[in-house]
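Heads up: the structure comes next, in structure tokens.
The values are calculated or read from the model by the stated rules, or taken from the named source; none is laboratory data. Everything numeric here is computed off the predicted structure, so don't read it as measured data. Glycine also receives a Cβ, built like all others from the backbone with ideal geometry; neighbour counts cover every protein chain displayed. For accessibility, only protein heavy atoms count, side chains too; no ligands or nucleic acids. Shrake-Rupley method; radii C 1.70, N 1.55, O 1.52, S 1.80 Å.
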Amino acid sequence: MPITSVADQARSYHLRQQHAQVKSDLTRLTQELASGQTSDMTRTLGGDYSALAGIERSLRLTEAYRSAGAEAALVTSSAQSALATVQAELDQIGPSLLAATGVGVSHEMEIVAHSAGDRLNTAIAMLNQEVAGRALFSGTATDTAPLITGDALLTQLAPLAAGATDAADLIATLDSWFMDPGGGFETLAYQGGTGPAAGFSIAEGETVSNPLTALDPPLRKALMGMALATLVSDGQGPPGDANTREMLEYAALQMIEGNEGITDMRADLGDVEARIEAAQVRGDTARGLLELERNALTSIDPYSVATQLQEAETRLESLYLLTTRLTRLSLTEFMR
């Protein structure tokens, strides 16, 4: 019969404790070897978390700057794309219309000017774009589209065209309406804010913003040129071939001049994009260095852990063998 005693029970309890401890060590060491990170941070850091806390704070701050930089990059790249589309529309009509007025053939001028209305609508749609809930060209009023629609704009200009006595009169009136401070464009067509949009904090002490709005003079000139060409194409304004030619020539020149100004605007926006990219590169470098510092504090020595893991496996095998032998202990086995 099996021999049972208090000593046997104590030994059994001790073996169970040893089994639990070795299994726990195996689990811990396996996790550490797989992750490369210590599972007992207090022991590894000696109870001093100040250095690790500082690194973690810097990493969170770096990630916040990176997120803001990514949003800033999205806004600026979208603004670049919108301006590129506006320029493409101006490239298609401005030079062609100027060439047609140079020839002086009414039919050719009408053909080229016929697309001005569609191009005006496309340009305004591009300038009214929103990205990530922000209107791109509304300045501080990012929750509002900067411009009224093309049809609404032409409705505002129709009485001016009807009241003009000749081409020079309409040109002067439109120039004042579009370009004068406090004129019709600023009070009736533009719905955004007067200042630049709120900035993005892309690095410590460094903030960038989209500096452009639909109030910028090159965009006003471009829109005026397209609007004037549309009015003439629709048969509005002073009649007569001479008036038509003069108005369309002025419209073409405004579109070309506006297009050149938009190139400068895009260059300014490119400077902002370059700052964002440089900040992102610096942030990535800083994050990499911080992660190295964190790993130096929290990482384990894989060779040491592998040795400990092997020792734990050996202890576990020994415990299993000992347990097996003890469970077979009986009077017959004892007497052998």
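Yes or no, residue by residue, for (1) part of a helix (DSSP H, G or I); (2) modelled with pLDDT of 95 or more; (3) of a type in the set (A, V, I, L, M):
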site	(1), (2), (3)
GLN87	yes, yes, no
ILE93	yes, no, yes
LEU120	yes, yes, yes
THR140	no, no, no
ASP143	no, no, no
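The set of residues in the range 250-286 being farther than 30 Å from ILE55 by Cβ, surrounded by fewer than 21 Cβ atoms within 10 Å (Cβ to Cβ) and small (Gly, Ala, Ser) consists of GLY261, ALA267, GLY270. Checking each residue of the range 170-189 against the condition of being of a type in the set (Asp, Glu), open to solvent by 10 Å² or more (accessible area, probe 1.4 Å) and in a loop (DSSP other than H, G, I, E, B) gives at least one match.
Residue-wise test of (1) acidic (Asp, Glu); (2) open to solvent by less than 10 Å² (accessible area, probe 1.4 Å); (3) out of contact with any strand residue (DSSP E or B) (no Cβ under 7 Å at 6 or more places or on another chain).
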position	(1), (2), (3)
SER201	no, no, no
THR207	no, no, no
PRO217	no, no, yes
GLY225	no, yes, yes
VAL232	no, no, yes
GLN236	no, no, yes
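Out of GLY225, GLY235, GLY195, one residue alone is within 30 Å of GLU71 (Cα to Cα), small (Gly, Ala, Ser) and either at pLDDT below 95 or outside any strand (DSSP E or B) (or both). It is GLY195.
Under the condition of being surrounded by 22 or more Cβ atoms within 10 Å (Cβ to Cβ) and either of a type in the set (A, V, I, L, M) or within 9 Å of GLY150 (Cα to Cα) (or both), the residues counted in the range 108-123 number 6. Scan the range 64-75 and tell me whether some residue there is closer than 20 Å to GLY199 by Cα and among the charged types (D, E, K, R). So far as the range 64-75 goes, yes, one or more of its residues are closer than 20 Å to GLY199 by Cα and among the charged types (D, E, K, R).
For every residue, the table says whether it meets (1) touching a Lys or Arg at 6+ places or on another chain (Cβ under 7 Å); (2) without any contact (Cβ under 8 Å) to a residue 40 or more places away in the chain; (3) hydrophobic (A, V, I, L, M, F, W, C).
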{"residue": "ALA168", "(1), (2), (3)": "no, no, yes"}
{"residue": "ALA189", "(1), (2), (3)": "no, no, yes"}
{"residue": "ALA203", "(1), (2), (3)": "yes, no, yes"}
{"residue": "VAL208", "(1), (2), (3)": "yes, no, yes"}
{"residue": "ALA214", "(1), (2), (3)": "no, no, yes"}
{"residue": "ALA222", "(1), (2), (3)": "no, no, yes"}
{"residue": "GLY225", "(1), (2), (3)": "no, no, no"}
{"residue": "LEU228", "(1), (2), (3)": "no, no, yes"}
